[in-house]
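Undergrad: Here's a structure for you.
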Amino acid sequence: MGAVADDILELAQAFDDAELHGDAGRLGALLADDFLSIGEQGYQLGKREWIDRHRDFRYLAIETTEADVRRYDQTAIVRCTQRSRASWRGEEMTLAVRLSQVWIRQPDGWRLVAIQFSTLGSG
């Protein structure tokens, strides 16, 4: 995939690790100021809301597979499949999603500007 793809995959892994550990500082550094998430049910979260959700939400395990990186000048798009176990306000859940991440190169490095989730079908 090339050096840039490898760098982006390393950042995507760092993001997963920060999510798994609820590392607000690392998430703050990886997310662009105008970051926007679109959840599988259509809800949207900005950077602060995304980071703050870790008060009630916690990943127990994250497995990312089928990663594909496409680079377009100062933008990189990661598409992958993710299976995870999580806890929301004490209730455990299992998630299986396909997700897209949009990374942009800013003067101080690559930042995640958008993420969108789609629930995987059972078939």
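Undergrad: In whole Hz, with x marking every Gly and Pro, tabulate ³J(HN,Hα) for the stretch 50-60 from phi via Karplus 6.51 cos²θ - 1.76 cosθ + 1.60, θ = phi - 60°.
TA: Karplus-based 3J(HN,Hα) across the stretch 50-60 equals 4, 5, 5, 5, 5, 5, 10, 10, 8, 6, 9 Hz.
Undergrad: Then there's this: Please grab the % of Cα pairs in the stretch 68-123 that end up more than 19 Å from each other.
TA: Tail fraction, whole percent: 44.
Undergrad: Another question about this same structure. Rank-order 106-119, 36-49 by packing density, defined as the average count of other C-beta atoms within 10 Å over each peptide's residues, highest first.
TA: The packing order, highest mean first, is 106-119, 36-49.
Undergrad: Return the distance in nm (one decimal) between the two label points of a simple spin-label model at residue 85 and residue 108, each offset 7 Å from Cα along Cα→Cβ.
TA: 3.7 nm
Undergrad: Treating the Cα atoms of the chain as identical point scatterers in vacuum, please give the log10 of the normalised Debye intensity I(q)/I(0) at q = 0.12, 0.13, 0.19 Å⁻¹, two decimals.
TA: -0.42, -0.49, -1.10
Undergrad: To continue, here is another question. Placing unit charges on C-beta atoms (Lys and Arg positive, Asp and Glu negative, everything else neutral), compute the dipole magnitude of the stretch 55-123 about its Cα centre in debye, rounded to 20.
TA: Roughly 80 debye, rounded to the nearest 20.
Undergrad: Per the helix-only calculation at 222 nm, which mean residue ellipticity applies to the chain, given -39500 (n - 2.57) for every DSSP H run of n ≥ 4 and division by its residues, nearest 500 deg cm²/dmol?
TA: -8000 deg cm²/dmol
Undergrad: Right, here's the next one. Given a Förster distance of 22 Å, report the FRET efficiency between residue 97 and residue 75 from their Cβ-Cβ distance, rounded to the nearest 0.05.
TA: Computed FRET efficiency for residue 97 and residue 75: 0.50.
Undergrad: Here is a follow-up. Of the candidates 103, 50, 88, which one comes out as most mobile in a Gaussian network treatment of the chain with C-alpha springs shorter than 10 Å?
TA: Ranking 103, 50, 88 by mean-square fluctuation puts 88 first.
Undergrad: Residue 5 versus residue 40, label points 7 Å from Cα toward the beta carbon: distance in nm?
TA: Between residue 5 and residue 40, the label points sit 2.7 nm apart.
Only the coordinates and a few stated rules stand behind these numbers; no lab work does. Not measured: the values here are computed from a predicted model. Positions of Cβ are generated from backbone atoms using ideal geometry, with glycine treated the same way; all protein chains shown enter the neighbour counts.
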